[in-house]
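One structure below.
Please treat every number below as a calculation from the coordinates, not as lab data. None of the values given here were measured: they were computed from a predicted structure. Ideal geometry is used to build each Cβ from the backbone, glycine not excepted, and the neighbour counts take in all protein chains shown.
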Amino acid sequence: MSPNGNLIRELVEKHGRSRTSLMPILQGVVERQNYIADYDLTDIAKELDLSAAQVYGTATFYSFLDTVPRGKYIIRVCKTITCDMHGKKTIVQTLENMLKIKVGETTQNKKFTLLETNCLGWCHKSPAMLINDEPYTELTPERIHDIIADFMNKS
């Protein structure tokens, strides 16, 4: 059993051992540690009597189920055409400059990860981003500076 074996067992006890329990278990692991390690995928497969390929395929299909370590604050910028038309490129550039990372990277202090993602459902208030589960809409470079400065001051 992996270092997170107790967490996996706890989630299996809570959600059950059926195939339909896979998503809530994967989400529970991400909620607790920000990503799903390879050994977690293996443990989940054993607990649910699924192939490792089935579990891995599900985990890697969904953009919000990260299978690599991420920062404490995961910034997901919407990459739809609507956000693009309303200045998404400037928003991403502002984030990259402030955080000193590129899209897909995590800051050295493991505080921020910057990603692009498919539609967040905020097209009517684009450009939009999520920081963890919190949406931010109608973004401008000035708003980005204020938002990120607030997060930089958090421990």
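List, in order, the whole-Hz ³J(HN,Hα) value for each residue of the range 78-85 obtained from phi through the Karplus relation with A = 6.51, B = -1.76, C = 1.60 and θ = phi - 60°; use x for Gly and Pro.
5, 10, 6, 5, 5, 5, 4, 5
Evaluate Rg over Rh across the range 106-155, taking Cα atoms for both radii and Kirkwood's formula for Rh.
Checking Rg against Rh, the ratio lands at 0.97.
Placing +1 at every Lys and Arg Cβ and -1 at every Asp and Glu Cβ, with all other atoms neutral, what dipole size does the range 73-153 have around its Cα centre, in debye to the nearest 20?
Approximately 220 debye in magnitude.
Order 18-30, 57-69 from most to least packed using the mean count of other Cβ atoms within 10 Å.
The peptides rank, most packed first, as 18-30, 57-69.
Counting other Cβ atoms within 10 Å of each Cβ, which trypsin sites (Lys or Arg not before Pro) in the range 49-155 have at most 11 and sit in a DSSP loop?
For trypsin sites (Lys or Arg not before Pro) across the range 49-155 that sit outside H, G, I, E and B with at most 11 neighbouring Cβ atoms in 10 Å, the list reads 100, 102, 154.
Through the Karplus equation 6.51 cos²θ - 1.76 cosθ + 1.60, θ set to phi - 60°, convert the phi angles of the range 114-129 into ³J(HN,Hα) values in whole Hz; use x for Gly and Pro.
For the range 114-129, the Karplus curve yields 10, 9, 10, 9, 5, 2, 9, x, 10, 4, 6, 9, 7, x, 10, 8 Hz.
Using θ = phi - 60° and the Karplus relation 6.51 cos²θ - 1.76 cosθ + 1.60, list the HN-Hα couplings for the range 147-155 in order, rounded to whole Hz, with x at every Gly or Pro.
The phi angles translate into 5, 5, 4, 4, 5, 5, 7, 7, 7 Hz.
May I have the count of lysine pairs in the range 1-116 with C-alpha atoms under 26 Å apart, counting pairs 8 or more residues apart or located on different chains?
Lysine pairs meeting both conditions in the range 1-116 amount to 26.
Sorted from largest down, what three extents in whole angstroms do the Cα atoms of the range 5-61 have along their principal axes?
Computed over the Cα atoms, the extents are 23, 22, 17 Å.
Taking the Cβ-Cβ separation of residue 54 and residue 151 as r and a Förster radius of 25 Å, what is the calculated FRET efficiency to the nearest 0.05?
That gives a FRET efficiency of 0.10.
Kindly work out what percent of the DSSP beta bridges joining two residues of the chain are antiparallel, to the nearest 5.
55
Of 132, 23, 95, which is farthest along the charge dipole of the chain in the positive direction, counting Lys and Arg as +1 and Asp and Glu as -1 at C-beta?
95
When a/c is below 1.5 the answer is rounded, else prolate if a/b is larger than b/c, else oblate, so apply that to the range 73-153 with a ≥ b ≥ c taken from the square roots of the Cα gyration tensor eigenvalues.
Since a/c reaches 1.5 and a/b is larger than b/c, the shape of the range 73-153 is classed as prolate.
Roughly what angle does helix 22-33 make with the longest principal axis of the chain, taking Cα atoms, 0 to 90 degrees, to the nearest 10?
60
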